[in-house]
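Read through the structure below, which is laid out as structure tokens, and then see the notes.
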């Protein structure tokens, strides 16, 4: 039986081809490969709703990503939309490189009360808004279940640890107990040889930067330290003795006692890669890394609460990402449609189902928890901390972030390498940091 091509079918095909060729392509960048599949699905769903807009997603590693963004601003090659970070956006906003969403939010009656408390305000300043929240994170202990079991340490014990900078509390005792030398002696034994460590109790990320999100912030703040007086403050308190004794405790745990992997042995490879390679029993990291640990470790991974500090609380930095639009984009309205979709429950619920991060809306958080539970992982340590009153503190956002990063990274590296005592290095660094605001 012959099939005839009708005039109407030709016109329909011509119309479809015309629409496809006329579609606007919005370039979107992100740095986290673990989140790529979720956002590819969001892009697919978005284009179904907006067939005149295509989303081209590019994923780059952290360093290449920010180099590409900053050089792109100058060269005119930056993406239309990109995932932004709290340590970066104030400088971009001050330089007029990202779009203020406030007029569009008002025009389109965008609901901004759907996000977890505090996330939306992080991305605003002086009535302007530079991002719609997409996710949030806290920090917890990641541990090797097999190593804990062999050491006779229960998960209940791990979730009830206490810490102080004088003797390390029960947290240091557990770290010592989990540290083994080549003869099998642990750190509590008088025969322990710190020069021949086979298994470290803790693989701390150190984080020699102004924030110390996964490495030291949770210790210092639980000891009473605060970075500054709030969003866009013009004075830092890096000279606080409570920070110095925290940083010195970490350094001594490594260089004097041998329970913590030395900074010189970790700054190239990273604590996470050393952990999945079986070099240590515990590390600390953010909730955005949950899926990475589960996928890359060849042993059972657990997630536990951070220790309670001298203040009587366990504390974690509360951080969140958002998407921003480059002011040089020629497709701002299409880019804005995409940003609105990224920040909506429609996309954030998809992200939650993939389990890569905790979305900024509660429905997405619940879906992420359900996904991990289905896969046999209890990740409630992250959400319990987020929900506990007074247990989180905001990422310190101020001007002069690039210069502060340079100053503090140098100071902290010198401490962690044993070149300078913490109190001395931090006092000098704090003077340099605060001079930036004068």
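Results, tabulated for the structure shown:
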| read-out | value |
| --- | --- |
| Residue in the stretch 221-232 that is buried (at least 24 other Cβ atoms within 10 Å of the Cβ) and either more than 27 Å from the chain's Cα centre (by Cα) or closer than 22 Å to residue 155 by Cα (or both) present | yes |
| Filtered residues of the stretch 105-120 (kept if in contact with a strand residue (DSSP E or B) (Cβ under 9 Å, 6 or more places away or on another chain) and either under 29 Å from residue 408 (Cβ atoms) or surrounded by fewer than 20 Cβ atoms within 10 Å (Cβ to Cβ) (or both)) | 105, 110, 112, 114, 116, 118, 119, 120 |
| Every residue from the stretch 397-438 that is touching a residue at least 40 places away in the same chain (Cβ under 8 Å), closer than 23 Å to residue 249 by Cα and assigned to a loop (DSSP other than H, G, I, E, B) | 417, 418, 421 |
| Residues located in the stretch 314-357, provided they are more than 26 Å from residue 369 (Cα to Cα), part of a loop (DSSP other than H, G, I, E, B) and touching a helix residue (DSSP H, G or I) at 6+ places or on another chain (Cβ under 8 Å) | 328, 329 |
| Selected residue (criterion: farthest from residue 131 (Cα to Cα)) from residues of the stretch 61-85 that are in a loop (DSSP other than H, G, I, E, B) and touching a helix residue (DSSP H, G or I) at 6+ places or on another chain (Cβ under 6 Å) | 78 |
| Matching helices (runs of 4 or more DSSP H) fully within the stretch 116-177 where at least 2 residues are over 21 Å from residue 189 (Cα atoms) and not assigned by TED's automatic domain parsing to the domain that holds residue 219 | 119-122 |
| Residue match in the stretch 244-253 (condition: touching a strand residue (DSSP E or B) at 6+ places or on another chain (Cβ under 8 Å) and modelled with pLDDT of 95 or more) | yes |
| Any hit, the stretch 183-204, residues being within 22 Å of the chain's Cα centre (by Cα) and assigned to a loop (DSSP other than H, G, I, E, B) | yes |
| Where a residue in the stretch 168-195 is more than 24 Å from residue 245 (Cβ to Cβ) and its partner, wherever it lies, is part of a helix (DSSP H, G or I), with Cβ under 7 Å and at least six apart | 186/176; 186/177 |
| Any chance residue 258 is farther than 26 Å from residue 88 by Cα, modelled with pLDDT of 95 or more, in a loop (DSSP other than H, G, I, E, B) and in contact with a strand residue (DSSP E or B) (Cβ under 6 Å, 6 or more places away or on another chain) | yes |
| Residue satisfying condition, being within 19 Å of residue 289 (Cβ to Cβ) and either touching a helix residue (DSSP H, G or I) at 6+ places or on another chain (Cβ under 8 Å) or buried (at least 21 other Cβ atoms within 10 Å of the Cβ) (or both), within set 203, 188, 161 | 203 |
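The values are calculated or read from the model by the stated rules, or taken from the named source; none is laboratory data. Note that the coordinates shown come from a computational prediction; the quantities given were computed from them, not determined experimentally. Cβ coordinates were reconstructed from backbone atoms using ideal geometry, including for glycine residues, and neighbour counts include every protein chain displayed.
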